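The values are calculated or read from the model by the stated rules, or taken from the named source; none is laboratory data. The shown structure was predicted, so the numbers you read here are calculated from the model rather than taken from an experiment. Cβ placement follows ideal geometry from the backbone for every residue including glycine, while neighbour counts extend to all protein chains displayed. Calculation scope for accessible area: heavy atoms of the full protein, side chains included, ligands and nucleic acids excluded. Shrake-Rupley method; radii C 1.70, N 1.55, O 1.52, S 1.80 Å.
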Amino acid sequence: MIDTKAKQLSFESSAVHAGSGKKDQYGSHTTPIYQTSTFVFKNVDEGSKAFAHEEGGASHIYSRLGNPTVEQLERAICELETYGMETPESFSGVAFGSGMAAITTGIISLAKGKHIIAQDALYGCTSQFLKEETEMLGMSTSFIDMTDLFLLEMELKKNPDTALIYLESIANPTMKVSDIEAISKLAKEHGALVMVDNTFATPYHLQPLKFDADVVVHSTTKYMGGHGTIIGGALVAKNELLDETGVYLFRKNLGGISGPMDAWITLNGVKTLALRMEKHSSNAMKVAEFLESHPKVETVWYPGLESHAQHSLAGSIMTKGFGGVISFELKDGLEAGKSLMNNVKLCTLAVSLGTVDTLIQHPASMTHSVVDEQLRCDAGITDGLVRLSVGIESADDIIADLEQALLN
Ligand SMILES: *Cc1c(COP(=O)(O)O)cnc(C)c1O
């Protein structure tokens, strides 16, 4: 067994071996898929000790409470999010059946009836949950621009019962990058926790826990799985915090657990995470530069571009590139967006991101076409906004496809 915690292993090597801390009873090279609902007890004693969490109890009871394949994925994601940290053993990963299950279970456990301060532009469903559903669950949420620390401090003072600050390391779809370290410092001064959705950046580019965030959350559907084959989620936090806030209890009773097959597929994705992210981000950099110089493109939002408002901050916290997602605005609005969608040949017209192939999406005519125009524009989803998840094809082919589609 490889000791992935050994300091000398690179992130790349750690990703390949992540989570493989336990030896299989038959010596299987790859992780077995424990496709089972329940686990057999040898006798009553083993069963009762398991329920009482006493020594000598069975290691597993029922797959909603824990499953060996899912646990390997939890170790893997935790190892990568805590890579290079002083005490990685004081953290654990918790896997879920979707990114939204991880996010909502995390928020409910951490905020518990108190106030949440959230970033103004977030992933659509996260935003909807915070805006429309936290109130009936006894919580309240206010939204601010997280890149403005002065605003955050004012909001914390205005809401002394703030339990949680919620943001995305690279925000969707504005691509804003926030100063996680400064936000975490302010949060600690006001007794609040910080939860960061690290789906866009992945631990290859950025590890929010290293900048003192309390919880990292993921839609593993995206880059972790990497091939668009599953829906999954995960969060990583200190063991103490997970126990104190009852995250395991909420997951058990809300029931948003990951299935063993999906966990296994995600584990295979994790092995190539570093390799894929390197290519996703170097391709995205080239595509962003191409788009920025194109006469039909008004603005490009990508943290790697010097024109990006938080470019220098992004460069100081992300040392190996800036991920694979680009947003851009077409000069000719709605019709130009529709035309680009209908004319791409290599790029796939689909929502989601983080797959090996390039995905393109035009929110105004697709995901947000039924939303009121004013509300849509207020949320930053303008008529000509296009979101591109740059794949690992050759950058030249992706650029050639966009070039011919933009000509139409
Ligand atoms: C996709 C996504 C989610 C939601 O994840 P699901 O796996 O679809 O539930 C949350 N946050 C971000 C940034 C995402 O891209």
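Some observations on this one:
Residues are listed down the side, and each one gets a yes or a no for (1) of a type outside the set (S, T, N, Q); (2) surrounded by fewer than 21 Cβ atoms within 10 Å (Cβ to Cβ); (3) in the same structural domain as GLY256 (by TED's automatic domain parsing):
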residue: SER169; (1), (2), (3): no, no, yes
residue: ASN198; (1), (2), (3): no, no, yes
residue: LEU206; (1), (2), (3): yes, no, yes
residue: ASP214; (1), (2), (3): yes, no, yes
residue: THR221; (1), (2), (3): no, no, yes
residue: MET224; (1), (2), (3): yes, no, yes
residue: HIS227; (1), (2), (3): yes, yes, yes
residue: ILE230; (1), (2), (3): yes, no, yes
residue: LEU235; (1), (2), (3): yes, no, yes
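- Inter-residue pairs, beta-carbon under 6 Å, first more than 19 Å from GLU71 (Cβ to Cβ) and in segment 6-34, second aliphatic (A, V, I, L, M), 6+ apart: PHE11/ALA274; GLU12/ALA274
- Hits in segment 370-408 - residues which are crowded, with 16+ Cβ neighbours inside 10 Å and closer than 17 Å to HIS280 by Cβ: ARG387, LEU388, SER389, VAL390, GLY391, ILE392, GLU393, ALA395, ILE398, ILE399, ASP401, LEU402
- LEU156 farther than 28 Å from LEU305 by Cβ, open to solvent by less than 20 Å² (accessible area, probe 1.4 Å) and either within 11 Å of the ligand (Cβ to nearest atom) or in a helix (DSSP H, G or I) (or both): yes
- Subset of segment 343-358 (residues that are among the hydrophobic types (A, V, I, L, M, F, W, C) and under 14 Å from SER394 (Cα atoms)): LEU346, CYS347, VAL356
- Where helices (runs of 4 or more DSSP H) fall wholly inside segment 163-251, the ranges with 2 or more residues that are within 16 Å of the ligand (Cβ to nearest atom) and at pLDDT 95 or above are 202-205.
- Selection count, segment 323-366, where residues are over 30 Å from ASN268 (Cα atoms), within 16 Å of the ligand (Cβ to nearest atom) and open to solvent by 50 Å² or more (accessible area, probe 1.4 Å): 1
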